[in-house]
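Where a number appears in this text, it was derived from the coordinates with a stated rule and is not lab data. Since we're looking at a predicted model, the values are computed, not measured. Note: ideal-geometry Cβ built from the backbone for every residue, glycine included; neighbour counts use all protein chains shown.
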Amino acid sequence: MKIAIFTDVFLEVPGGIPSSIQAQRKSLEKLGHKVTIFCPGFAVPKGEHDIELVPTHKHLKFGGAPLSKSPEKVEQSVMKKYPLFDFDLVHVHYEASCSLAGMRLAKRFKIPLVQTMHGREDMAIAVNVPHPFKLLVATVLQFLHSQYIPVKIKVRCDNDLAPSLTRAKMWTIMVNHANYADKVITPSQHFANKLKKYGVIKPIVAVSNGVADDMVRSLGVPVEKLVRKMKPGEPLKIFWNSRVSKEKRIMPFLQALAIMKKPCEFSVCGDGNAFKQAQKYAKRHGVKAKFYGRVPHDEVLEKMLTQHISATVSYGFDTQGLTLLEAEATGMPVFFCDPDMKESVPHGGGIMAKGPSAEQMAAMLDSIASHSEIIEKMSHNMLKHRKEILQSTQMKKLVAVYKSVVSK
């Protein structure tokens, strides 16, 4: 198949979405498919291929990511190089300008359209935008989105996931965006259920992100040696392999570490909008932490092999970060606090705090540190399921989705 991928998040920004797109692309190419990625950016990295840069604002960025110009300008740019737009399938990975252009081109040329909904945009606004501007930003975003995707369903405020007008507007964007596709992919079933609840009527398939098979093989460590063990009295070694940002809740987690009674060591690989704030807080409050910033992927994996437990403490975002999957692939237990993650964490492979507060997280971490034998048990359980999260396993599901829409 000739597959066109449109995404607003790919180049020059770290995170789960770019990583999952790259992993899927490489796997598709190995299967003989031709993949072309359309995305904003300023230069194609050396060694990369089949990446088409769309018109990009020179100075405007969103969360550190390059921001594409209007959908009309993106479409014009694409049509100059691909006047026939002869693709078999369009796969869209976001909800902003470049992705909207991809959806419109798919409809114009009557090409099957698959949309991946990666996470909760209502929570992104709630967490990242200052209070006085939340509603204004949501209103502007909904208006701009409605200029390109028809608003057939308007989500109303409720006492569940749309408790404010701001969040209801963001749900309106997500629902109508998903309904514009022929088929929808979510990283988890619980997110699929929420989209259906608020009005998504198109078929939704849960396809997990995957860890590259080559990555697992490159570890070069026998499975039995991946089992984590913690000696009694040893500091609990906690690993963070996510964006150092507000939505990932780095600050509440550091607060938890600051009030822990048991000793711990915290290693942070990643960058983000709260990096400097996190560094200052750790230093000021005596948290034993090392902040490595952005680290090459192979080095991250090496560091993971020396840690006891991985921390994934997002709450209410309905994402499935590669942090969890890579922990599973390397046999590292996971600490989390969002009940929805129970779907993704292998049974007995992780432990959940009783709530998302710093006090609740600290209490559970102290309990883990006091019962060191639990680390080995959880590690064994993680390794039992590592084949399930390989990219080759998930790729079968993705290709099945592609074939189902192309055949129609």
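Tabulated data
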{"item": "The chain: angle of helix 275-284 to the longest principal axis, Cα-based, in degrees nearest 10", "result": "20 degrees"}
{"item": "Computed over the range 1-138, Kirkwood Rh from alpha-carbon pairs, angstrom", "result": "15.6 Å"}
{"item": "Tilt relative to the chain, helix 373-384 - C-alpha long axis, 0 to 90 degrees, to 10", "result": "30 degrees"}
{"item": "Ranked GLU302, GLU247, GLU12, GLU224, criterion: other C-beta atoms within 10 Å, fewest first", "result": "GLU224, GLU302, GLU12, GLU247"}
{"item": "13 Å Cα-Cα reach of LYS397 towards aspartates and glutamates, excluding residues that sit fewer than 8 places from it in its own chain", "result": "GLU388"}
{"item": "Span from the the range 50-67 Cα centroid across to the the range 224-259 one, whole angstrom", "result": "33 Å"}
{"item": "The range 149-180 and the range 73-136: distance between their alpha carbon centers, rounded to Å", "result": "17 Å"}
{"item": "Approximate shape of the range 213-389 as ellipsoid semi-axes (Cα gyration tensor, √5λ), whole Å, largest first", "result": "23, 18, 16"}
{"item": "Filter on LYS237/LYS290; LYS107/LYS196; LYS246/LYS303 - keep pairs with C-alpha separation over 18 Å", "result": "LYS107/LYS196; LYS246/LYS303"}
{"item": "Residues LYS384 and SER146, FRET efficiency given R0 of 45 Å [Cβ-Cβ distance, rounded to 0.05]", "result": "0.45"}
{"item": "Within straight-line cross-link reach of LYS134, aspartates and glutamates at Cα separation under 19 Å, skipping those fewer than 8 residues along the same chain", "result": "GLU95, GLU121, ASP122, ASP158, ASP160, GLU247"}
{"item": "Nearest-ten-degree value, helix 250-259 long axis tilted from longest Cα axis of the chain", "result": "10 degrees"}
